[in-house]
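Structure record follows, encoded as structure tokens.
The values are calculated or read from the model by the stated rules, or taken from the named source; none is laboratory data. What you see is a predicted model; the values in this text were computed from it and never measured. Neighbour counts run over all protein chains shown; Cβ positions are idealised from the backbone, glycine included. The protein model used for the area step is the full one, side chains on, heavy atoms only, and it has no ligands, DNA or RNA in it. Shrake-Rupley method; radii C 1.70, N 1.55, O 1.52, S 1.80 Å.
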There are 2 protein chains.
Amino acid sequence: MSTSANSPYHHGNLRQALLEAALIILEKEGETGLGLRDLARAVGVSAAAPYRHFDSRAALLEALAVTGFQRFSAAMEAVAAGNPADPMAAMGKTYVLFALGNANLFRLMFSPQLKKDGRPGLRMAADVAFDTLRHVVGGDMQTGRARALAAWAKVHGLSILLLDGQIALRAGEDTEALIAEIIGSL
Amino acid sequence: MSTSANSPYHHGNLRQALLEAALIILEKEGETGLGLRDLARAVGVSAAAPYRHFDSRAALLEALAVTGFQRFSAAMEAVAAGNPADPMAAMGKTYVLFALGNANLFRLMFSPQLKKDGRPGLRMAADVAFDTLRHVVGGDMQTGRARALAAWAKVHGLSILLLDGQIALRAGEDTEALIAEIIGSL
DNA sequence: CTCCTCATGTAAACAATGTCAACATCCGCC
DNA sequence: GGCGGATGTTGACATTGTTTACATGAGGAG
């Protein structure tokens, strides 16, 4: 029996439940709205229980961001494998769509808060993600480095500007079309 | 006499003093480190005093971000006026250098927190800044819209990636040179 | 000049939050 | 069968943003 009707003293698999509930709250309420007490209540556990699995709220956030980077990497590899002809364009589109589809998670991944205090796990996950990205893009970061960085900057900037609502859609304009158009324009 | 030895009951010009001290603390400690009580203490005033000039901490942050956008606009117009030949490149470089020179202020300007709750003042200041930017870039947003947005995205993304330390400098590499190189690569 | 008003500042309190220490419960291994 | 450590609970503490009631004094009305 996993979760019996009367709440058992031991949750069985907290940590995972915390992370899942945290992800939902994060996307719905934003990083600020994700309080440890609310989270604990949502999972049906006391306020101090999360501390058995995460050293602090920042550690919880870090774990969340790490899963975000893993998911991000997976999406990137998948789309690159699916479009062997022109992986760059496909990856750029996926990059932006990932940001739009996981807005608050994406913001958390690049949160200055988290990297302010050490957080080596986050740094590692980010490095892994971008290393695979670099690897897929093509081997020579020597010669085409500036071009690769420019492409990355453009895609990342587009993601954030769209996320912040800074780039407004025109009447009857399609988001994906706009993304493709901007990415396409060198 | 500006600040007399015995602190007068009325500060004279709080609000301005608050904003200036807040800007210093912001750049030194980050947005999280900017607490209302610390700020009040830094200015030599009680913890509740700021509420006579700002409805909430968010309002204080908003005012700070607004000044940031004004300063940003001024820098942009100045550099555009100074380089009539090729304003685009000069503005791009200034854009990135502004972000690097006012890291936490720049982050605050694009903080999702602030725009989450109305904050029409911030929205207005941002629109004004980007309108002048659009105006300088060139009239036809109709035809060259995608190109303009792509340039904006590239510059903005480069700013954030550099800010977050995501783009690492190589040994003996100059920041400005890297910026110019990336901006130059279409 | 005097007085009175209102903007500005203070003090004390409240609710909420992250966090910790002391205690309770129970899973799994000898 | 019993014991130990992992896991969860309770209660408390410090800190923060914020509000309410009160204090101060600058500056105009008479």
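Translational diffusion coefficient, Stokes-Einstein: compute it for the range B:60-102 using the Kirkwood radius over C-alpha pairs as Rh, at 10 °C and 1.306 mPa s, and state it as an integer in µm² s⁻¹. Walk me through the numbers before you get to the answer.
On the way: Rh = 10.8 Å.
Rounded, D is 147 µm²/s.
Can you give the translational diffusion coefficient of chain B in µm²/s, computed by Stokes-Einstein from the Kirkwood radius over Cα pairs at 20 °C and 1.002 mPa s? Walk me through the numbers on the way to the answer.
Working: Rh = 18.4 Å.
The Stokes-Einstein estimate is 116 µm²/s.
Let me check against my output: what whole-number percent is the relative contact order of chain B, with C-alpha pairs under 8 Å and at least 6 apart? Write down the numbers at each step before the final one.
Numbers: 141 pairs, mean separation 41.1, N = 186.
Normalised by residue count, the contact order of chain B is 22 percent.
Please report, for A:D55, the nm distances (one decimal) from its label point, 7 Å out from Cα along the beta-carbon direction, to the equivalent points in the remaining copies, shortest first.
4.0
Please report Rg (one decimal) and Dmax (integer) in Å for the Cα set of the range B:74-125.
13.6, 41
Tell me, what does the Kirkwood hydrodynamic radius of the protein assembly as shown come to in angstroms if you use every pair of distinct C-alpha atoms? Could you put the intermediate results ahead of the total?
Numbers: mean 1/r = 0.0438 Å⁻¹.
Roughly 22.8 Å, rounded to one decimal.
Is it possible to state the helix-based mean residue ellipticity at 222 nm for chain B, with each DSSP H run of 4+ residues giving -39500 (n - 2.57), the sum divided by total residues, to the nearest 500 deg cm²/dmol? What is it?
-21000 deg cm²/dmol
Other chains' Cβ within 10 Å of A:172-182 residues: what's the mean? Could the numbers behind the result be given before it?
On the way: counts 0, 0, 0, 0, 0, 0, 3, 0, 1, 5, 10.
Partner-chain Cβ atoms within 10 Å, mean over residues of A:172-182: 2.
Please report, to one decimal in angstroms, the Kirkwood hydrodynamic radius of the range A:110-186 built from all distinct Cα-Cα pairs.
Working: mean 1/r = 0.0673 Å⁻¹.
Radius from the Kirkwood sum: 14.9 Å.
Just which residue of chain A brings its Cβ nearest the axis of rotation onto chain B, and by how many angstrom, rounded whole?
Of all Cβ atoms in A, the one closest to the rotation axis yields A:G157, 1.
To the nearest 100 Å², how much accessible surface do chains A and B cover up together, summed over both, with a 1.4 Å probe?
Working: alone 11270 and 11350 Å², together 19370 Å².
Counting both chains, the buried surface is close to 3300 Å².
Taking each residue of A:109-115 in turn, how many C-beta atoms of other protein chains fall within 10 Å of its C-beta, and what is the average? Intermediate values should be presented prior to the final figure.
Working: counts 0, 5, 2, 10, 3, 0, 3.
Mean shielding count: 3.
Report, in order of residue number, the helices in chain B meeting two criteria: a C-alpha extent of 18 Å or more along the helix axis, and a mean Kyte-Doolittle hydropathy of at least 0.0; treat each whole DSSP H run as one helix.
Details: long enough: B:16-29 (19 Å, 0.84); B:57-82 (38 Å, 0.83); B:87-101 (20 Å, 1.03); B:120-137 (25 Å, 0.47); B:145-163 (27 Å, 0.97).
Flagged H segments are B:16-29, B:57-82, B:87-101, B:120-137, B:145-163.
What does the structure give for B:160-169 when I average, per residue, the other chain Cβ atoms found within 10 Å of the residue Cβ?
Per residue, the number of nearby Cβ atoms from other chains is 4 on average.
Once the label point is set 7 Å along the Cα-to-beta-carbon vector, what list of distances in nm do you get between B:A171 and its counterparts in the other copies?
In ascending order, 6.0 nm.
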